[in-house]
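The values are calculated or read from the model by the stated rules, or taken from the named source; none is laboratory data. Quick caveat: nothing in here was measured; it's all calculated off a predicted structure. FYI the Cβ positions are ideal-geometry reconstructions off the backbone, even for glycines, and counts take in every protein chain you see. Quick note on the areas: whole protein, heavy atoms, side chains included, nothing else; ligands and nucleic acids left out. Shrake-Rupley method; radii C 1.70, N 1.55, O 1.52, S 1.80 Å.
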Amino acid sequence: MASGSSSIGIDGFFENAEVTTSGRPVLRRNEVECFLLSSVDIDSEDDPPRFTALRSGNLILTTHRLIWIPSQSNGAVPSSVPLAAVTHIYSHKKSIKSMFHSPRIRFQANPGSIVVTIVFRGKGDFDEFLTKLWECWRGRAWEEEEKSESETSRSGSGTVAQGLYGNDGTVRMVGLAGILRKEQEQWESTDKSLQDAFQDLNALMSKAKEMVSLAEKMRQKLLSAPSSQNGSTDDEEMGSKEEMQQWMLSVGIISPVTKESAGALYHQELSRQLADFVRIPLEQAGGMISLTDMYYHFNRARGTELISPDDLWQACTLWEKFDVPVMLRKFDSGVMVIQNKSHSDEEVMSRIKMLVTKTETLRVGVTASDAALTLKIAPAMAKEHLLTAETKGLLCRDMSPDGLRFYFNLFPEIDPTNIHIVKDFGTYGEWIKATSLLSV
């Protein structure tokens, strides 16, 4: 992962851009990705150059920044230019000369009124990118955030200075009653926002930014709130907080990759975003999750920007080209799952062996549901592990009207030269003891 986005990068002009393990940019609060182009160079027009040129990378336009990420591991670091630093964008003039050159965008930025040239050498909608750049620069979303933070700061400092009196001159409630009153007002405000947001679809879309910001504030409050005054930890309270944090995280992806914003790199960027998103669902599913379940989780998080099953499959197949900690796996039965690269089949086989060698299971065997409870995974995934264990010779199957059951494979412990000998040791001996209980 790159350095923090607030530090100054190369030549004192660019800021270092933070990226995820899959190579996706880490967006700031309320920052939304708007457009993406590949094979982009960034040059300085000054003579001598004011900064080292950036070659052959992906350029991502957001509401707050221009983010450049190298497409290959060539030693370059992900960098960004805040749109707040841009003082002027030069108009793009079409001429006969421009028809034989790569499209370019020139802008001026602080510090020092540096003239920067963006050269587009790959495929993509250059005109649409230029339009989006003008919209984001003129929108000045970062100023709204600074204004909101400033108002919050003034509101907090004003309350302290006024003491017992509110802004309207009335006596404020203090102590425990004041705290309860303040919490009640906050919940009433939150309830009103939720009611307004869910009146119709248009209201929901207009309130989406406010809802995401509210969810983020609640999550941060849960993370920073102490469990008790004496510092001790209450298991039940911590469990409820973790559950609430997971719920807040599942509110959705703030800036989902779309065909409109990513263009020709849609499946590549979707693959990187999916690799980042799948981490929490994988942990909750025990390190392995079916492609069907992931399709549900991912589309739920994307909101209205739904993807097709084919898009999901193509995104998963591209993981082989990227250095990501997850992979797509296909079982012999044809079932496809997503799993961590660190996932160990040997560990799963060991747990299955412990399950099937218990006294009860030696006698009656196990089903996929039994294995699912032990492995803490879905029954469909448990069945695939049992079939894999059968292929490796660990288990034997029994098909009956009651369904499919699996038993520990005792055939390797039977002496082929004397199959009638009764052993009183090893797993075979344990099986003899277990089955003898039926005759008691």
task = Give the stretch 115-132 a look and list any residue that's among the basic types (Lys, Arg) and open to solvent by less than 60 Å² (accessible area, probe 1.4 Å), or say none.
result = LYS132
key: Every pair of residues 6+ apart whose Cβ atoms lie under 7 Å, when the first sits in the stretch 73-96 and is among the small types (Gly, Ala, Ser) while the second is at pLDDT below 90 and open to solvent by 60 Å² or more (accessible area, probe 1.4 Å)   = ALA85/ASN110
The listed residue being assigned to a helix (DSSP H, G or I), in contact (Cβ under 8 Å) with a residue 12 or more places away in the chain and not basic (Lys, Arg), out of SER350, SER369 = SER369
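Of all residues in the stretch 373-400 being of a type in the set (D, E, K, R) and part of a helix (DSSP H, G or I), which is farthest from the chain's Cα centre (by Cα)?
GLU390
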request  = Considering each residue of the stretch 326-354, count those that are open to solvent by less than 20 Å² (accessible area, probe 1.4 Å) and closer than 15 Å to CYS396 by Cβ, and give that number.
outcome  = 1
query = Given the residues ASP370, ASP323, ASP415, which is the only one that is charged (D, E, K, R), open to solvent by 40 Å² or more (accessible area, probe 1.4 Å) and within 23 Å of the chain's Cα centre (by Cα)?
reply = ASP323
